[in-house]
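The values are calculated or read from the model by the stated rules, or taken from the named source; none is laboratory data. Treat the numbers as computed from the prediction; the structure is a model and nothing was measured. Cβ coordinates were reconstructed from backbone atoms using ideal geometry, including for glycine residues, and neighbour counts include every protein chain displayed. When the accessible area is computed, the model is the full protein with side chains, heavy atoms only, and any ligands, DNA or RNA have been set aside. Shrake-Rupley method; radii C 1.70, N 1.55, O 1.52, S 1.80 Å.
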Amino acid sequence: GKGKGKGKGKGKGEGKGKGKGKGKGKGKGKGPDYKIGAIEHCKVEDLVPPGTTEYYGALDMDSAVRRQLSMMKIKDEMEENQDLQWQIPRDQVQVEESEALVNYFPVTLPKKEVHVVYSVRFEPEELVPLADEKTKLRIALVMGLDRGAEDPLDTQKVVYHGGPTLFAAEPLKKLSWDFTMRDGSKGTVHFQETRRMRWDKIEPEHIAVFSDVYQKAMRTLPNRAKIGRTTYDLTPNEQFEWEHQLYGKLKLIPGATGKLVSTDKGPMLNLDVTFRVKHQESVYEMLQQGVHPKDIIKRTAIISYNNRVFPIKDIDMKTSPMSKLQYKVKGEDREDTFFDYLVKKYPAKIKAGDCVDSQQPMVVEKDKRHDQLNHYVSQYVYVCGMSDKMKGDYTFMTDIRQRVGGSPTIRAYLTQQLVLPKKGDPSTQRFWDLLQMWGFDLSSKLLQLKTKVLPAPTVRFQDAEVQWPGTETPGKWEVFEFATRTTHRMKVTPRIKRAFLICEDNRGATQQFTKALEMKCRDMGFSLGAGLELHRPRSSWKEDYMRELQAINDTVGPGDGQDRNLVVIVMPEKDESEGNLYTTIKNMTLKTSIVTQCVLINPNQKSQGTKAQMTGVQICAKMRGTPWEVESNGVSLKAKGTMVLGIDFHHSKSGDGEICTLMGMVATMNMTTMEVWQKAVEMPRENPVADTQNLTETFKEALQAYKAYNGTCPERLVVFRNGIGESQFLEVGAKEVRFLHDELGDQCPDTQLCFLLTYKNNKARIFTTTNREYEYVNPTPGTVLDGEAISNKNGFYEFLLVPQVVTQGCVTPIRVVCLHNSIQTLCVTGLQQLTFQMCHSFFNWFGTIKMPAPCEYAGRMAKFIGDHRLNKDPKFPEDLASGFYYL
């Protein structure tokens, strides 16, 4: 971007706007200017494979353990059942390649038996039982053994999660310790060596050890605070500070989020930079400036003198720093004022005369302790995170997005400079010393890999073809061509028997919109019946709108076969009635199958043509038409005989207020024109993923619909399964694949199956190199990253795909994992090309989307039904099994 940035320094930097910053930069918008230095990287071919390393997991201990166990069990089951395969053959197809950096950092693991495993036993056992509710107490007792003893326990050299096992970097010098609890109770904790840890084969306990050691190392860095699972840097930095007119002095604090990924080149630490908003004024100063306490309560707080983080429960106006505090030290009763207690505990940071107001209110921590120690002096408490008022402020949120977005060059620089500490810096030496103490090491260079760019599919209308690589904006196309002033005709036009218009006033902007809508629909090749038939409600109340809609349904109904009726509803600017009008309208769609199109018109908008065109495309898709079809130009599966199935889940509240889970399933009858069969079913609340009965029954209906449409079973079936968490990997792999495979064998024994998992949210970032040194851009849509640095050692093929274009910030690729494949003609490039092709067929956007269209449709349908049904039973109408009525 271009613009002006002020700042001292000789270096040239990129920035996002006007303001203070180091270096001279040019850029539009608001935000800091950054001085970009050298971005170091290492090549994957320089890495030495660790041989027997089979690590796969994340820094999140629980999900990593569950995923590691599930991967092993899935692989074992597939080895026992020879008809289940998971290999995809490599191909020799030549594609365009380019260089890119990935935010992966190679990890070195110990090669000897250096770590010791101990069993932990407390006496008396009833004082600290081995129970889930006592886990935090057990951790606090063990980690508190480093205080008050002649030979204290070095907690930096141990890892303990509250269970019966403790891990140590070296043998303990003492195996029995006495402790005293806050209520005066005394006990003893005993450690007994059981074995030594080996790192030649990675198991779940290794994941937990590395996770804890890495977090310990991050906390050794100066000015760090752990919020949730992310460690943030609180070091003052003018580049991230600014003053807002409404919310005062603010600051963006950068944080490091990471997870371990297993590759054929060994374990890699995937690190990314994230930001959080922090107020520069204390809670006391915010209250003095007139901020209401409700805008502070339930937010996260950071204490300045020890960087402790806690959730705010309340602001106590009756208690002050001079109030008496009663507490115990190893069973001995003590009494001080709150402020004197802080002066004694933190003499280096708090002095006796530092209290700015002896009557200032106290900040109350969310109840974790039932005494006065959950009160904190408000002048030392700073609020972190955004309030609901901030989140609802569009201008403020736009400003935040511009500040945290940054170009790929800035993101790559911040990832290396802010997330991973530099080696050789005295202030970060403890970080590297702690890792070395445990035998770990990390590369401080971003990983350089080769990426390939898939050929773009052809988007075909009835009268024209669009190949977006030739357009100015990759990954996007237009229904209306500005150069020729013509509108493309829809590939398959819908048949609309009658169309109705419900609006309170058909004048001004509303009249302009309706005329533009009728004209645009004619240009796209279909008409709105004989014209929009006007129905005018008496007022803007919900009851009057629903009365008109009910009259239309009673008179003509939803229509029959391909000849359907449509109701266009112009929503009132203000819905003053009780309840939500939009929800009530869509609930009637689910009950009566009548298709509705709700429109909110901006009376200040000069032209309604763009809105009318987008509405016309949505109407075409809702009324069983096809706006455009997509045909692959590369190596992909044949469209004829291929059925693509999308599965996704949505969690919502039912009519009685309970949380329920809906599964959406969308199956293509023709994957080129995206003619589909679809259905949503409710899953049990206990374990929705493991409910294979509803899954197999719905899958059977999808197969029957395909046979009825095409006259035969599909030759190939590709399943895109979304909505899977790391902890659900076992249920999906060991159950869903097995049941779908068996059902397919009963219904269509000759059909070949490929089962894929899709992950939308991941920490991977890809930075494509340019001709200029240290300058990076977002990858072109269709960029794929796979190979030795991405595939894991468990045998499952996976890849990263960038399907869409991103003009602001950094693009996030999707991750696709193949759990099962028996399609003989499906190669690596063909699988990637099919996934990329499916991202072009979402009819609510003129361009590619992040997820394959069947998955996106399944999620949208499940959410639509979950949000707009009024009773517990979804009662999915058969008339809505085709047509994207939920767009």
### Message
What pairs come out if I take residues in region 337-351 that are among the polar types (S, T, N, Q) and pair them with residues that are open to solvent by less than 40 Å² (accessible area, probe 1.4 Å) and not in a helix (DSSP H, G or I) whose C-beta lies under 7 Å away, six or more apart or interchain?
### Response
Thr337/Pro321; Thr337/Ser323; Thr337/Leu325
#### Entry: The listed residue being open to solvent by 20 Å² or more (accessible area, probe 1.4 Å), among the charged types (D, E, K, R), within 24 Å of Trp845 (Cα to Cα) and under 39 Å from the mean Cα position of the chain (by Cα), out of Lys476, Lys542
Lys476
### Message
Looking at the structure I just gave you, is Leu252 in contact (Cβ under 8 Å) with a residue 60 or more places away in the chain, of a type outside the set (Ser, Thr, Tyr), outside any strand (DSSP E or B) and in contact with a strand residue (DSSP E or B) (Cβ under 9 Å, 6 or more places away or on another chain)?
### Response
no
#### Entry: Condition check for Ala208: among the small types (Gly, Ala, Ser), under 30 Å from Ile302 (Cα atoms), touching a residue at least 24 places away in the same chain (Cβ under 8 Å) and surrounded by 13 or more Cβ atoms within 10 Å (Cβ to Cβ)
yes
### Query
Based on what the data block shows, is Ser540 at negative phi, modelled with pLDDT under 90 and either β-branched (Val, Ile, Thr) or in a loop (DSSP other than H, G, I, E, B) (or both)?
yes
### Task
Considering every residue within region 600-608, establish whether at least one is under 31 Å from the mean Cα position of the chain (by Cα) and open to solvent by 10 Å² or more (accessible area, probe 1.4 Å).
yes
### Task
Any chance you could count how many residues in region 435-455 are over 30 Å from Gln837 (Cβ atoms) and in contact with a Ser or Thr (Cβ under 6 Å, 6 or more places away or on another chain)?
1
#### Entry: Residue tally, condition part of a helix (DSSP H, G or I) and either open to solvent by less than 20 Å² (accessible area, probe 1.4 Å) or of a type in the set (Phe, Trp, Tyr) (or both), over region 419-434
5
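For every residue, the table says whether it meets (1) modelled with pLDDT of 80 or more; (2) more than 30 Å from Gln804 (Cβ to Cβ).
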site	(1), (2)
Gln416	no, no
Leu435	yes, yes
Leu446	yes, no
Leu449	yes, no
Val453	yes, no
Val459	yes, no
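For every residue, the table says whether it meets (1) within 30 Å of Val817 (Cβ to Cβ); (2) open to solvent by 50 Å² or more (accessible area, probe 1.4 Å).
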| position | (1), (2) |
| --- | --- |
| Tyr214 | yes, no |
| Arg229 | yes, yes |
| Gln245 | no, yes |
| Lys251 | no, no |
| Leu260 | yes, no |
| Val277 | no, no |
| His292 | no, yes |
| Arg299 | no, no |
| Tyr305 | no, no |
### Query
For Met286, are the conditions met, namely being part of a loop (DSSP other than H, G, I, E, B), under 25 Å from Tyr232 (Cα atoms) and in contact (Cβ under 8 Å) with a residue 60 or more places away in the chain?
no
### Query
Listed residues Thr661, Thr696, Thr615; which is modelled with pLDDT under 85 and either among the β-branched types (Val, Ile, Thr) or part of a helix (DSSP H, G or I) (or both)?
Thr661
### Query
Is it the case that Leu221 is farther than 27 Å from Ile302 by Cβ, in a loop (DSSP other than H, G, I, E, B) and either without any contact (Cβ under 8 Å) to a residue 12 or more places away in the chain or in contact with a strand residue (DSSP E or B) (Cβ under 9 Å, 6 or more places away or on another chain) (or both)?
no
### Message
So for region 150-173 (the condition being in contact with a His (Cβ under 7 Å, 6 or more places away or on another chain), among the polar types (S, T, N, Q) and open to solvent by 40 Å² or more (accessible area, probe 1.4 Å)), does at least one residue qualify?
### Response
no
